Amino acid sequence: MKIIGLGKGIPKECVTNDQLSEFLDTNDEWIVSRTGIKTRYVCVGETLTDLSATAATDALNKANLSAKDIDLIICTTICGDYCTPSLACCIAERINARCPAFDINAACTGFIYALELADGFIRVGKYKNILIVSAEKMSAKVDWNDRNTCVLFGDGAAACVVTEGESVKYINLSSSATPNTEVLNMPNGTGNSPFAAEKKQNEYLNMQGQKVFKFVVNIVEAELKLMTERTGITPEQIDRFLLHQANKRIIDYTLARLKQPAEKFPCNIERYGNLSSASVPLLLTEMTETGQVKAGDTLLLCAFGGGLTAGTCVMTIDS
């Protein structure tokens with residue numbers, strides 16, 4: 001498998017930390033020092049389908065393909081515009097694609113999960129050209145009265161077109177052996193069922209930040225060690241580490257433990273915040289657009305999120 005086109009879709013509204021301080025007990029210094037985030041983009045009229053279709057069209061144009069050339073659409077999202085139809089089906093309708101389409105939910109690790117699925121389909125000859133779209137509208141899922149969560153997230157979408165090739169060298173997916181649903185979750189409500197024992201409205205994202213941080217720093221180090229054991233590729237041979245943009249302190253901790261140069265760990269969290277599954281593909285898209293990722297580079301993509309899940313992919317960029 002190889003990537004032949006990348007695209008993005010970002011809302012127009014940029015929200016600064018100073019804007020958040022108008023209604024939250026927080027300030028720019030507090031947020032930046034703890035997260036590295038300065039701004040995030042929030043949907044004010046755009047739907048997730050809007051952002052996704054923009055990213056998909058951008059990726060198709062970069063790949064010099066049209067929607068009719070796509071054999072499968074995989075979308076990663078915590079929640080699309082509807083429970084059903086899937087966001088992938090909404091995208092297919094919008095771009096006029098006529099192919100199978102479905103969503104997967106692996107939280108922030110979704111993009112790596114989608115790469116694994118696409119790689120498998122291509123290897124067995126089931127599909128040739130696959131469109132992957134990772135899109136999240138976290139502004140609708142966080143409690144804007146909770147400064148510990150709402151300052152972290154933003155909205156956005158990123159997409160890629162993959163096809164037959166030899167770019168991918170390694171993919172590994174994992175989930176925590178210990179139940180961690182209470183550490184990071186987003187409950188559903190009960191609706192208006194007269195038979196429900198307890199009536200619940202849809203609730204917001206819940207996160208125990210310190211426990212998530214501990215899981216992440218340990219799992220990233222374990223994932224990288226496992227990758228080296230299985231492939232023989234050392235951190236020194238990786239040109240860029242594209243880590244999920246959850247918190248700048250996690251990235252700083254990882255590069256310090258690996259003793260690798262800071263320039264190998266690109267970041268855009270200061271502009272976008274945490275975009276869940278769209279985080280890694282958006283970073284890859286922007287690095288490619290600016291020429292910071294070029295043909296021949298070896299990249300390590302690593303993400304982690306609710307489940308608790310994790311995933312790692314090593315690929316070499318084709319010309």
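Before moving on, here are some points about what is shown:
- Within the stretch 1-30, the set of residues being open to solvent by less than 60 Å² (accessible area, probe 1.4 Å) and closer than 17 Å to Ser139 by Cα comprises Gly9, Ile10, Pro11, Cys14, Val15, Thr16, Asn17, Leu20, Ser21, Leu24.
- Helices (runs of 4 or more DSSP H) within the stretch 241-319 that include 1 or more residues at pLDDT 90 or above and over 29 Å from Val15 (Cα atoms): none
- Glu164 being surrounded by fewer than 20 Cβ atoms within 10 Å (Cβ to Cβ), in contact with a Lys or Arg (Cβ under 8 Å, 6 or more places away or on another chain) and not aromatic (Phe, Trp, Tyr): yes
- Out of Lys141, Lys137, one residue alone is closer than 19 Å to Leu275 by Cα, within 15 Å of the chain's Cα centre (by Cα) and open to solvent by 50 Å² or more (accessible area, probe 1.4 Å). It is Lys137.
- Any hit, the stretch 65-79, residues being in contact (Cβ under 8 Å) with a residue 24 or more places away in the chain and open to solvent by 60 Å² or more (accessible area, probe 1.4 Å): yes
- Residue within the stretch 43-64 that is free of Cβ contacts under 8 Å to residues at least 40 places away in the same chain, out of contact with any Asp or Glu (no Cβ under 7 Å at 6 or more places or on another chain) and among the hydroxyl-bearing types (Ser, Thr, Tyr) present: no
- Selection status of Asn268, of a type outside the set (Phe, Trp, Tyr), out of contact with any Pro (no Cβ under 7 Å at 6 or more places or on another chain), under 24 Å from Val142 (Cβ atoms) and in contact (Cβ under 8 Å) with a residue 60 or more places away in the chain: no
- Every residue from the stretch 274-305 that is on the phi > 0 side of the Ramachandran plot and out of contact with any helix residue (DSSP H, G or I) (no Cβ under 8 Å at 6 or more places or on another chain): Gly291, Gly296
- Candidates Phe241, Phe213, filtered to the one that is surrounded by fewer than 21 Cβ atoms within 10 Å (Cβ to Cβ), hydrophobic (A, V, I, L, M, F, W, C) and either out of contact with any strand residue (DSSP E or B) (no Cβ under 8 Å at 6 or more places or on another chain) or more than 24 Å from Thr35 (Cβ to Cβ) (or both): Phe213
- Within the stretch 105-134, tally of residues that are open to solvent by 30 Å² or more (accessible area, probe 1.4 Å) and of a type in the set (A, V, I, L, M, F, W, C): 3
- For Tyr170, the stated conditions do not hold, so it cannot be described as within 20 Å of the chain's Cα centre (by Cα), open to solvent by 50 Å² or more (accessible area, probe 1.4 Å) and of a type in the set (Ser, Thr, Tyr).
- Scanning the stretch 86-102 turns up no residue that is outside any loop (DSSP other than H, G, I, E, B), under 20 Å from Val162 (Cβ atoms) and either modelled with pLDDT under 95 or of a type in the set (Ser, Thr, Tyr) (or both).
- Subset of the stretch 1-28 [touching an Asp or Glu at 6+ places or on another chain (Cβ under 9 Å), without any contact (Cβ under 8 Å) to a residue 60 or more places away in the chain and in a loop (DSSP other than H, G, I, E, B)]: Lys12, Ser21, Asn27
- Subset of the stretch 219-238 (residues that are more than 14 Å from Thr312 (Cβ to Cβ), out of contact with any strand residue (DSSP E or B) (no Cβ under 9 Å at 6 or more places or on another chain) and open to solvent by 60 Å² or more (accessible area, probe 1.4 Å)): Glu236
- Residue match in the stretch 274-294 (condition: open to solvent by 10 Å² or more (accessible area, probe 1.4 Å), hydroxyl-bearing (Ser, Thr, Tyr) and out of contact with any Ser or Thr (no Cβ under 8 Å at 6 or more places or on another chain)): yes
- Condition broken by Lys259, with the remaining ones in (1) at positive phi; (2) among the basic types (Lys, Arg); (3) touching a strand residue (DSSP E or B) at 6+ places or on another chain (Cβ under 9 Å) satisfied: (3)
- Residue list for the stretch 91-104, filter: hydrophobic (A, V, I, L, M, F, W, C) and either surrounded by fewer than 22 Cβ atoms within 10 Å (Cβ to Cβ) or free of Cβ contacts under 8 Å to residues at least 40 places away in the same chain (or both): Ala92, Ile95, Ala97, Cys99, Ala101, Phe102, Ile104
The values are calculated or read from the model by the stated rules, or taken from the named source; none is laboratory data. Computed from a prediction, not measured in an experiment: that's the story for all the values here. When we count neighbours, we look across all protein chains shown, and the Cβ atoms used for this are built from the backbone with ideal geometry, even at glycine. Side chains are part of the model used for accessible areas, which takes the heavy atoms of the whole protein and leaves out ligands, DNA and RNA. Shrake-Rupley method; radii C 1.70, N 1.55, O 1.52, S 1.80 Å.
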